[in-house]
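Asks: Starting off with a structure, shown below.
Values in this text are rule-based calculations from the coordinates and carry no lab data. Remember, predicted model here, so these are calculated numbers, not experimental data. In this analysis, Cβ positions are derived from the backbone assuming ideal geometry, glycine residues included, and neighbour counts consider all displayed protein chains.
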Amino acid sequence: MLTDEYRYKVLKLLDANPNLSQRQLARELGISVGKVNYCLKALVERGMIKAANFKNSQNKKAYSYLLTPEGLEHKAKVAVRFLRHKMAEHKNLQAEIAALREEVGNLEPESPSKQEAG
């Protein structure tokens, strides 16, 4: 299943650089080339991107992945959902940190210089 996070990241990377190879995308995303291939095929099938061979490329397997107007619109919608999700995660982490501070007696976090000296 293609999550909003991967869909957003793939669309963002391809929008910035349509000539990225699947291997480069995999490296940027920290996932396998197979998963990138799956993601790209799903985005092509949904009309979010178009894959075109480089006309003058020596490597006939080289593609350029261009976002369609639908892909650009979808990227914006996914970005909003992804941002909301990350903001909720941040809020939950803040609550967890506050609870942990309460549990340990409201200790302030150590500064990096104290941690290195300790």
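Asks: How many nm is it between the label spots at Ala52 and His90, if each spot is 7 Å from the Cα in line with the beta carbon?
Replies: With each label point 7 Å from Cα toward Cβ, the separation is 3.8 nm.
Asks: Could you give log10 I(q)/I(0) at q = 0.14, 0.22 Å⁻¹ for segment 4-107, computed by the Debye formula over C-alpha point scatterers of equal weight, without solvent?
Replies: Values, matching the q order: -0.61, -1.12.
Asks: Continuing with this model, one more query. Extending each Cα 7 Å along its Cβ direction at Lys77 and Glu28, get the distance between those two points in nm, one decimal.
Replies: That separation, rounded to one decimal, is 2.3 nm.
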